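What follows is a set of notes on a single structure, which appears directly below.
The values are calculated or read from the model by the stated rules, or taken from the named source; none is laboratory data. Values in this document were obtained by computation on a predicted structure and should not be read as measured data. With ideal geometry, Cβ positions are generated from the backbone for all residues, glycine too; neighbour counts draw on all protein chains shown. Just the protein is used for accessible areas: all its heavy atoms, side chains included, with ligands, DNA and RNA removed. Shrake-Rupley method; radii C 1.70, N 1.55, O 1.52, S 1.80 Å.
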Amino acid sequence: MSREKRVFKPSAEFASQANLGSMAAYKRLYTESVNSPEKFWEKQAKELLVWRRQFKKVLKWKAPHAEWFGGGALNVCENCVDRHLKTERANKAALIFEGEPGDVRTVTYKQLYFHTSRLAHVFENMGIGQGDRVAIYMPMVPEAVFAMLACARVGAIHTVVFGGFSAESLKDRINDCGAKLVITADGSWRRGKIVPLKQTVDAAIEKTPTVQTVLVLRRCGNDIKMRDGRDVWWHDAWLGAPNHHKPKAFPSEHPLFILYTSGSTGKPKGVLHTSAGYLLGAKLSSQYVFDLKEDDLYFCSADIGWITGHSYVVYGLLSNGATVFLYEGAPNQPGPDRFWQMIDRHGITIFYTAPTAIRAFMRWGDNYVLSHHLKSLRLLGSVGEPINPEAWMWYYRMIGKKKCPIVDTWWQTETGSIMITPLPGATPCKPGSATLPFFGISPKVVDDKGKEVPKGSGGKLIIDKPWPSMLRTLWGDDERFKNTYFSEYPGVYFTGDGARQDKDGYFWIVGRIDDVLNISGHRLGTAEVESALVAHPKVAEAAAIGRPDELKGQSLVVFVTLKAGNEPNDDLKEELRNHVGKEIGAIAKPDVVRFAAALPKTRSGKIMRRILKEIAAGKEVKGDTTTLEDFAVVAALQADD
Ligand code: 6R9
């Protein structure tokens, strides 16, 4: 990547219609935004959000705790739904949905209002209100969006759990936040089969004392058990509810949602986002980064179980009154051209996906793309991991037909909204670089002491000014919040990523420098996988590492030592893979399981993952091995390769 020299300027045609059409305009606004951030954010907040009570103070910053727009009050759902009803958007499509079996549904903004209003009444009748936690374990169907928005409407805090997570993972998340209500569906369509969501919920909530009610959407019609007094059908609850619901106003800093993400220790972290600042970040970035226009049809392939689904399927887009395309199923069902079919069928104009998906499309072959026009597309986006220049070029040529700008957007669950990104009508793109910071965002590449490194040198990526959509804390664990993000450099946000800036100031993200893996764009903590493995009765010790993988970015390799008396064989490898899948979810199933007699450790007993990485990649073990307790362990592992 460091040798990448190509530069792609926005076409004059694109720039002339863009929401921001020149580098000069970008530079002027950016400089203003970081020189006087409070003035900048005050103006944006007043212009972009509907307030019920005007805020008094833009920012109170007592690192690491931020209070944005103090004294203000608003309703996030009103900002995404009700505000559009007084405009020409009332009968505009908010959502266009295509289910995996091919069922298509459109939901207008007015209908979105009825749905969220009725659901808000349903919640209130169940005793769910301000500050209560609601777990959402749903397929990618319009009702998942209704559920999130209805939570915001009544002031409940949602935690969306990706439908691919196991009962065990769901249980942990429900218990960590103490959810009272779980919203799910009988099932979800995936590769022509039904994923039995309700069955997983049943298993999860055997040990969740806080859950009082389970609201169940009928999606697939598969047989499920409904428990009297606890489980309620969505369509039954919905019937009696009134169409109109007056949304209450909540303080700017009222919690909006918790989203669990992997960290470098065992337990997932409950990242907490609040109302006004989060919404402002999501809304402003959507408008500029996706160059939103009234007649766009926007498709982001991320599931709502991830932050990308929160900010760039739901909140950022609906607050802008955009039309969002939702797809339920797999990208290769019934064939590898499903996305291209849908783009042509519906006239999708903006497409946002992940590098791992792009690499899969490349591998499936150009013919699946070339049999479709893709004429409606005007802008492409990438998120989740660094995009390799080959994939960037393929995306540009094959999908964008050399006329669509590509926005490679760097951000995190914790940042809430896009931090480093091209602006499509302004920024010349270099394949593999997320380019330059978004308005109001101040990223720097620093050395271990926190000093900015010279351009061209590698270092750690930090953000040295607070921004409205930043996480506020980790649910129930403010100490961990401080330690994880604000202790490496006191008072300054540490991203966990390594990066480099080139002579033009462009950022090149290298990837995680902590024990977090990025597998197909999904974050996974090595410690999470290891604790799942050692929970298996035959396992003594385990180490999980990432190995570079052409398709997935990284693949998961685990080294396992067994308790005495257990035989290392292929059946046990399969058993351990399935065990991790069951404990965490299918995305965490190791690609490779390797048995070892012992793991390489330092004298203080820390597993030396660096060495395991080299062994897994088939490389010679280099670097300092003097801290190793016993080199024979390494020799044995290499001989075993
Ligand atoms: C939005 C999202 C965050 C981590 C982040 C980084 C990697 C995301 C990237 C990227 C290079 C990009 N990452 N986007 N690396 N270029 N455009 O993905 O959030 O799931 O929390 O992951 O993903 O390593 O630190 P999240």
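What the pair-distance distribution of the range 28-147 shows, using all Cα-Cα distances binned every 5 Å from zero, is 2, 9, 13, 15, 15, 15, 14, 10, 5, 2, 0 percent.
Using R₀ = 35 Å, calculate the FRET efficiency as 1/(1 + (r/R₀)^6) where r is the Cβ-Cβ separation of Ala25 and Thr106; round to 0.05. Result of the calculation: an efficiency of 0.45.
Solvent-accessible area of Ser169, probe 1.4 Å, all protein chains present, reported in Å² to the nearest ten, please. Accessible surface of Ser169 is approximately 10 Å². From the square roots a ≥ b ≥ c of the eigenvalues of the alpha-carbon gyration tensor of the range 187-237, which class results: rounded (a/c under 1.5), prolate (a/b over b/c), or oblate? Since a/c reaches 1.5 but b/c is at least a/b, the shape of the range 187-237 is classed as oblate.
For the range 188-236, run through the chymotrypsin sites (Phe, Trp or Tyr not before Pro) and keep only the ones in DSSP coil with at most 13 other Cβ atoms within 10 Å of their Cβ.
For chymotrypsin sites (Phe, Trp or Tyr not before Pro) across the range 188-236 that sit outside H, G, I, E and B with at most 13 neighbouring Cβ atoms in 10 Å, the list is empty.
Sorted from longest to shortest, the spans of the Cα atoms of the range 290-381 along the three principal axes equal 37, 27, 20 Å. Over the range 544-594, the Kirkwood radius and the radius of gyration, each from Cα atoms, give a ratio Rg/Rh of 1.00.
Bridgeable aspartates and glutamates around Lys613 (alpha carbons under 13 Å apart, same-chain partners fewer than 8 residues away excluded): Asp515, Asp549, Asp641.
Using the Karplus relation 6.51 cos²θ - 1.76 cosθ + 1.60 with θ = phi - 60°, the per-residue 3J(HN,Hα) values for the range 161-168 come to 10, 3, x, x, 6, 6, 4, 4 Hz, with x marking Gly and Pro. In order along the range 57-72, the phi-based Karplus estimate (6.51 cos²θ - 1.76 cosθ + 1.60, θ = phi - 60°) of 3J(HN,Hα) comes to 10, 5, 9, 10, 10, 10, 3, x, 9, 10, 10, 9, 6, x, x, x Hz; Gly and Pro are listed as x.
For the chain, the solvent-accessible area with a 1.4 angstrom probe is 39 square angstrom per residue.
Can you give the FRET efficiency to the nearest 0.05 for Ala636 and Lys449, using r as the Cβ-Cβ distance and R₀ = 60 Å? Approximately 0.95, to the nearest 0.05.
Measuring only protein heavy atoms, the 1.4 Å probe finds Asp231 accessible over about 20 Å². Report the gain in length on full extension from Asn483 to Gln17: 0.36 nm times residue separation, minus Cα-Cα distance, nm rounded to one decimal. Using 0.36 nm per residue and subtracting the Cα-Cα distance, I get 163.2 nm. For the range 160-262, relative contact order (Cα pairs under 8 Å, six or more residues apart, normalised by length) works out to 27 percent. Where in the range 37-116 are there trypsin sites (Lys or Arg not before Pro) that are in a DSSP coil and have at most 11 other Cβ atoms within 10 angstrom of their Cβ? Sites meeting the loop and neighbour criteria: Lys56, Lys86.
Qualifying trypsin sites (Lys or Arg not before Pro) in the range 362-462, where qualification requires a DSSP coil assignment and no more than 14 other C-beta atoms within 10 Å, comprise Lys375, Lys401, Lys402, Lys403, Lys449, Lys451, Lys455.
Counting only the Cα atoms, the range 307-465 fills a convex hull of 132 Å³ per residue.
For the chain, the dipole from Cβ point charges (+1 on Lys and Arg, -1 on Asp and Glu) about the Cα centre works out to 1660 debye, to the nearest 20. In a fully extended conformation the segment linking Lys9 and Asn367 would gain 126.1 nm over its present Cα-Cα distance, using 0.36 nm per residue.
Rounded to two decimals, the Cα-based Rg/Rh of the range 521-641, with Kirkwood Rh, is 0.95.
Tell me the carbon and sulfur percent of the accessible area for the chain, rounded to whole percent, probe radius 1.4 Å. Using a 1.4 Å probe with all protein chains present, the chain comes out at 50 percent carbon and sulfur. With the cut-off at 19 Å, tell me which of the pairs Lys180/Lys267; Lys375/Lys552; Lys43/Lys293; Lys62/Lys482; Lys9/Lys402 have Cα atoms farther apart than that. Going by Cα-Cα distance, Lys180/Lys267; Lys375/Lys552; Lys43/Lys293 fall outside the 19 Å limit.
What fraction, in whole percent, of alpha-carbon pairs in the range 248-326 exceed 22 Å separation? If you can, show how the numbers build up before the last one.
Numbers: 954 of 3081 pairs.
Roughly 31 percent, once rounded to a whole number.
Taking one equal scatterer on every alpha-carbon of the range 125-268, how large is log10 of I(q)/I(0) by Debye at q = 0.11, 0.14, 0.15, 0.17 1/Å? Summing over Cα pairs of the range 125-268 leads to -0.40, -0.65, -0.75, -0.96. Our helix-only sum for the chain, with -39,500 (n - 2.57) per DSSP H run of n ≥ 4 divided by its residues, gives a mean residue ellipticity at 222 nm of -8500 deg cm²/dmol. Near Asn388, once Lys and Arg are set to +1 and Asp and Glu to -1 for all other residues with Cβ below 10 Å from its Cβ, the sum equals -3. Ligands, DNA and RNA aside, Arg6 has an accessible area near 110 Å² when probed at 1.4 Å.
Mind pulling up the Rg/Rh value for the range 141-193? Radius of gyration and Kirkwood radius, both on Cα.
0.99
Most tightly packed first, judged by the mean number of other beta-carbon atoms within 10 Å of their residues, the peptides 587-594, 567-574 read 587-594, 567-574.
Across the range 198-211, coupling constants 3J(HN,Hα) worked out from phi with the 6.51/-1.76/1.60 Karplus curve, θ = phi - 60°, read 4, 4, 5, 4, 4, 5, 5, 8, 5, 10, 10, x, 7, 6 Hz, and Gly and Pro carry x.
With q set to 0.10, 0.21 Å⁻¹, the log10 of I(q)/I(0) for the range 390-542, from the Debye formula over equal scatterers at the Cα positions, is -0.44, -1.40.
Per the Debye formula on identical point scatterers at the alpha carbon atoms of the chain, with no solvent, log10 I(q)/I(0) at q = 0.05, 0.11, 0.12 Å⁻¹ is -0.22, -1.14, -1.38. Semi-axis lengths, largest first, of the ellipsoid equivalent to the range 1-70 are 33, 18, 11 Å, with √(5λ) applied to each eigenvalue of the Cα gyration tensor.
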